[in-house]
Structure formats: structure tokens, C-alpha cells
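Have a look at the structure below before the remarks.
Since every read-out is calculated from the coordinates, none of them should be taken as a lab result. If you're wondering where the values come from, they're calculated on a predicted model, not measured in any experiment.
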Amino acid sequence: MLKYIYPILLTIVLLSACQNEEKIIPPPEIFLKMPVDGFEFDTDSAELIEPIITYDIKSTYKWLEGSTEINDGKKDYLFENNPLGTYKYTFEVETPSGSDKMDITVHSLEINTFEEFKDFNDNGYFNSPEAGFHHFPPVHYPCEYDAATPSAWNGFAISKNASKTDSDSKGEFSVYGSSAADESKNFTIFKQVDGKTNYISFDEDESHVVKSIAVNNCTRTYLYMNTHFDKKGGLDYFKLTINGLDASGTKISGPVEVLLADYRPEQTAQKFLLSEWKVVELKELGSVNKLEFKLTSSHDINPESELPMYFCMDNLKISE
């Protein structure tokens with residue numbers, strides 16, 4: 001009988017020891033889906049930064065800006081209505097099992113997305129501002145329009161049209177594709193006319209650094225190039241050149257050159273016709289009062305060329 005009792009007692013002892021053994025909880029880890037260069041938030045927006053923490057048990061949290069503690073010990077941080085600039089934070093979490101910390105960078109930008117614009121005509125665009133410009137603070141987008149000759153407008157129109165086919169009423173005011181940048185609705189389209197204003201400017205002679213813009217081809221321009229450009233001959237291209245100007249209109253920086261189509265490379269894989277939104281970095285232009293835009297192409301020397309001189313722009317980001 002004893003030979004059965006001893007194994008049973010041993011089993012009970014081992015089970016009791018396992019139950020009494022303290023469970024080991026690993027130290028916490030912070031995870032946050034943040035772009036490589038940090039977050040980009042509009043100055044007038046409210047954005048919640050929400051770190052995810054593993055083994056978030058009996059935790060205490062700390063947000064630091066430099067050596068100053070902020071956010072009253074809360075885990076999530078509301079970044080709201082901060083002036084232009086770059087903000088560097090450190091987020092820390094501590095539990096009885098250990099701690100972790102993460103550096104977080106936020107860029108507060110003025111971003112012209114044009115999404116607040118609502119006064120479109122029945123064809124989904126607007127190119128006749130009474131003041132002669134559209135104002136999306138702190139930027140003026142000039143637009144000249146004469147009701148007697150409506151087709152002769154020039155400058156910047158606001159549009160919500162996106163299409164891969166042309167039409168008499170909308171093709172001139174459409175971006176090639178399915179939407180504005182970042183799958184938004186509105187954008188601006190620039191029509192170049194020789195001798196007319198081809199720049200945007202800042203309020204009251206201010207100067208700013210433009211971090212970037214997004215560009216794409218106008219539907220009508222895209223379709224023309226797709227039909228009329230020589231894709232094998234190695235000559236055709238369509239280029240946007242951007243310069244920085246001071247308040248007097250004198251060039252002070254640039255150029256930044258952006259190819260909207262290029263069939264000159266020898267390698268077929270390197271030939272292209274832009275058909276989606278492309279981000280163009282402009283910080284190298286420095287602090288400017290105006291941004292000048294100039295469209296040129298391989299067809300400029302042909303007096304019979306009917307290449308529509310347009311490009312589409314969205315998400316103008318001012319960093320300083």
C-alpha cells in the first residue's frame with residue numbers, strides 16, 4: 001500500500017510548488033507607428049499620439065520635452081494647435097518589471113490641402129476669384145479670369161475632378177488618376193500662359209521654408225503626351241522647374257527640377273509619364289517670399305505644338 005502513497009504525495013508536493021512559484025512578467029516595450037522623419041501635423045489640427053505598450057501592468061508614464069515633464073502622467077499625448085516648428089519628445093514607461101523609452105519627433109506645419117474649399121461650379125472646379133487670387137493662409141494663389149473670354153484664364157484653379165479620360169467641361173480641370181493626393185478630394189491646377197504671373201506668394205511679404213509639395217499631371221496634358229510624345233526616339237520630355245524668389249520677384253534660390261514625363265533615357269524601364277502623385281522636396285530653396293513655377297518641354301521649339309501647359313499640385317507644406 002505504501003508504494004502507492006509515496007508517488008501520490010510527491011505529485012501533490014510538486015503541484016503545490018508550481019502553483020506557489022511566482023509568475024515572471026517581462027519588462028514593457030513601447031511601439032508606435034511613426035514615420036522615419038517623425039509625424040507631420042497641421043498647426044491648426046488636434047492629433048492624439050497613442051503609444052502601444054506590451055506588458056502594460058501597474059505602469060507609470062512620463063512625457064518629456066527636453067528636461068521638462070509634460071502631460072500630467074498620461075499615456076496618450078494630444079498635440080494641438082502648436083506653432084510652426086519641430087518638437088522633440090521622450091516618452092517613458094515604467095512597471096515593477098522594468099522600463100522602456102522612445103524618442104518622438106513632431107513637425108508642426110502649415111499644410112495647404114485645399115479640402116476646406118466648397119464653392120465649386122457645377123463642373124467641379126473654380127477659377128474665377130473676385131480678388132484675382134485664392135487665399136489659403138498663408139499663401140496667395142493667383143488666378144486671372146475674364147468672363148468675356150473664359151477659356152483664356154491663367155494661374156491656379158481649385159478642383160475636385162480626377163479622371164483618366166478627357167471631356168470638354170472637366171478634362172482641363174482634372175488630375176490624372178482617381179483622387180487628389182493621399183486619396184483626398186481637392187487640389188489646385190496650374191495653367192501656364194506666357195507673360196502671366198507664374199508664382200505663389202506669402203502673406204504680407206512674409207518669408208517661409210516650403211518643405212514639400214505633391215505634383216501630378218493634368219488629365220488633358222497626360223493624354224496629349226501619351227498620344228503625341230515619341231516614346232522611342234529619345235527626345236521628348238515635360239519638366240517643371242521651381243525657383244525661390246524674394247519679395248521683389250528676384251530669384252534667390254533654385255532651381256528644383258521635376259520631370260513630369262521623360263522618354264530620353266536609353267533604358268526602356270527608365271522612360272516614364274507621371275500618372276500618380278509625387279512628393280517633391282523643396283527645403284533646399286530656403287526661406288522665400290514666392291515660389292515660381294515654369295513648365296518646359298521638348299515641344300517648345302515647335303510653334304504648332306498643342307501641348308497643354310498644366311500641372312496639378314496638392315499638400316503644400318510650410319515648415320518654418
Original post:
In percent, what relative contact order does the range 206-292 have, based on Cα pairs under 8 Å that are 6 or more apart in sequence?
Top reply: 45
**OP:** Under 29 Å Cα to Cα from residue 283, which lysines show up? Leave out anything in the same chain fewer than 8 places away.
**Re:** 33, 88, 160, 185, 191, 196, 211, 239, 251, 271, 294, 317
**OP:** First obtain the Kirkwood hydrodynamic radius of the range 125-318 from its Cα pairs, then insert it into the Stokes-Einstein equation at 10 °C and 1.306 mPa s, and state the resulting D in µm² per second as a whole number.
**Re:** 93
Original post:
Gap in Å between the Cα centre of the range 162-213 and the Cα centre of the range 36-97?
Top reply: 35
Subject >> Value at 222 nm in deg cm²/dmol, rounded to 500, when DSSP H runs of n ≥ 4 in the chain each add -39,500 (n - 2.57) >> reply: -3000 deg cm²/dmol
